[in-house]
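Here's the structure, in structure tokens; my notes come after.
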Amino acid sequence: MNTLESLSEISTQYLFFALGEEKYAVKSNLVQEIVEFRDIRKVPKSNSAIKGIANVRGDLVPVVDLKVRLEIGETEVTKRTSLIIFMVLNKIKQKNIPIALMVDLVDEVDDILGNDILETPDFGTKVNQKYIENIIKYNDDYISILDINFVLDINELSQIE
């Protein structure tokens, strides 16, 4: 077996979730936890993508509306709305901080083989390509893998619009 064949047979777990009718994925090892949507307190003069802060087990966690961040609308809160929490490096303070992404629905976690991960096309995506790491071929569909380093870029999110 050559190196390319062995890489294509290695699987990685991905968390799948929905924003409206579109499915997206992130590497599951980047996810700290998933919690039900909860009350959010607004933060004055913050970036439009930041909906506010939520209390998650005593920690105040900034909440980013992923639809707003990706410039594809705004999330309407329903009973299925969830918060996916990631630990993100604050380069100025040199420490990890929790940040939550607000999504319409958390779907599932599944193993994806390396040969089902494709390069992002140069056209045809609804979302700015800087936010897309790759594309997954999954159940006869193509799903964008989000690049959390760009989606949750603290420098960008700290800018007031």
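The values are calculated or read from the model by the stated rules, or taken from the named source; none is laboratory data. It should be emphasised that the depicted structure is a prediction, and the values quoted were computed from it without experimental measurement. Because the Cβ atoms are built from the backbone with ideal geometry, glycine has one as well, and the counts that use them run over all protein chains shown.
Within the set Lys67, Lys93, Lys79, the sole residue that is within 13 Å of the chain's Cα centre (by Cα) and closer than 27 Å to Ser46 by Cβ turns out to be Lys67.
Looking only at the range 134-155, residues that are among the charged types (D, E, K, R), surrounded by 13 or more Cβ atoms within 10 Å (Cβ to Cβ) and over 14 Å from the mean Cα position of the chain (by Cα) come to 1 in all. Summed over the range 139-161, residues that are within 18 Å of Gly20 (Cα to Cα) and either touching a Ser or Thr at 6+ places or on another chain (Cβ under 6 Å) or not β-branched (Val, Ile, Thr) (or both) total 4.
Taken as a whole, the range 36-52 holds at least one residue that is acidic (Asp, Glu), assigned to a strand (DSSP E or B), more than 12 Å from the chain's Cα centre (by Cα) and under 30 Å from Ser11 (Cβ atoms).
Scanning the range 91-115 for residues that are acidic (Asp, Glu) and either on the phi > 0 side of the Ramachandran plot or touching a Phe, Trp or Tyr at 6+ places or on another chain (Cβ under 7 Å) (or both) yields Asp107, Glu108, Asp110. Consider Ile10 carefully, then state whether it is surrounded by fewer than 13 Cβ atoms within 10 Å (Cβ to Cβ) and among the aliphatic types (A, V, I, L, M). It is true that Ile10 is surrounded by fewer than 13 Cβ atoms within 10 Å (Cβ to Cβ) and among the aliphatic types (A, V, I, L, M). Exactly one residue out of Lys79, Lys45, Lys67 is under 19 Å from Gln159 (Cβ atoms) and modelled with pLDDT of 95 or more, and it is Lys67.
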